[in-house]
1. Determine the dipole magnitude for region 123-183: charges of +1 sit on the beta-carbon of Lys and Arg, -1 on that of Asp and Glu, nothing else is charged, the reference point is the Cα centre, and the result goes in debye to the nearest 20.
2. Work out, step by step, the length gained on full extension between residue 95 and residue 146: first 0.36 nm times the residue separation, then minus their alpha carbon distance; give nm to one decimal.
3. If you take every residue apart from residue 197 with its C-beta less than 10 Å away from the C-beta of residue 197, what net charge results, scoring Lys and Arg +1 and Asp and Glu -1?
4. If you restrict to DSSP beta bridges whose two residues both lie in region 139-228, what percentage is antiparallel, to the nearest 5?
5. Post the alpha-carbon centroid distance, region 148-218 to region 4-47, in whole angstrom.
6. Is there a quick way to get the dipole size of region 139-228? I mean about its Cα centre, with the Cβ of Lys and Arg at +1 and of Asp and Glu at -1; what is the value in debye to the nearest 20?
7. Which entry in (i) -0.41, -0.71; (ii) -0.49, -0.82; (iii) -0.59, -0.83 matches log10 I(q)/I(0) by the Debye sum over Cα atoms at q = 0.10, 0.13 Å⁻¹ derived from the coordinates of this structure?
8. By the scheme Lys and Arg +1, Asp and Glu -1, what is the net charge of all other residues having a beta-carbon under 10 Å from that of residue 232?
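Every number in this text was worked out from the coordinates using simple rules, so none of it is lab data. Note that this is a predicted model, so its numbers are computed, not measured. Positions of Cβ are generated from backbone atoms using ideal geometry, with glycine treated the same way; all protein chains shown enter the neighbour counts.
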Amino acid sequence: MSMSASPPTVLRQRAALCDMLDALSDAQWHAETLCEGWDAGDVVAHLLVREREPIPAIGIVFPPLSGLHDRRMAARKARGRERMMADLRGGPPPWMRLPMLRDVQVGEDWIHGADVARGGAALADGPTIVPSDGTEDADVATLLWKAVGRFAPLTLRGIEAAGVIDLTDGTTHRTYRVGGPVARSANGAAPDLTVTGPVGELVLFATGRPNCDVTLDGDEALREAIEGARRSV
């Protein structure tokens, strides 16, 4: 008897995201997420524009095109929840399934799922939402560590206190020297501050999200500088 292969990681994560979104009540769907001013419909519209409309998607990182991105988001959202969810569940388009892009996409889907699950939907009337810590699927967890490596240098740059920060789940480590315009890798250096948590929580910390379950141990001035900084992507 032949056994069917497991779906690719990018499709497993997309299915998990869609299952969570489809289970939301109307109140949860319209609740504000961790992305200020966005509800779940805005998050889904953003994901669809990002992966399916390359020129408007540039507006995510290029301010002159941000208005185009926002207009395309609004157009997607106007199609309604059912249509957007059918498009999202169809999976990323072929070019977003190329090796490097699909790895990034897994992180994007996981992060934006957390934006919904840990926002106002957790308090609104509807099914109980159990947030993921990113460890349920080993392949997803591996790609979330890559996301930590992408985002931490961006959100830790410009920290006003200098030192070495170690992000770890107790086994894997990502270590950065901060206190200058750019956070730099400091592998092997003794940390002044250790940030500990499951990889999903570390991703949320690295992207500057609130509601992440991590512990910060070490230099008090460095901890206060990080907690007081405006860190977001």
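1. Dipole size: approximately 480 debye.
2. 16.4 nm is the gain from fully extending residue 95 to residue 146.
3. So the surrounding residues net to -4.
4. 75 percent
5. 27 Å
6. Once rounded to the nearest 20, the dipole reads 500 debye.
7. Correct label is (ii).
8. That works out to +2.
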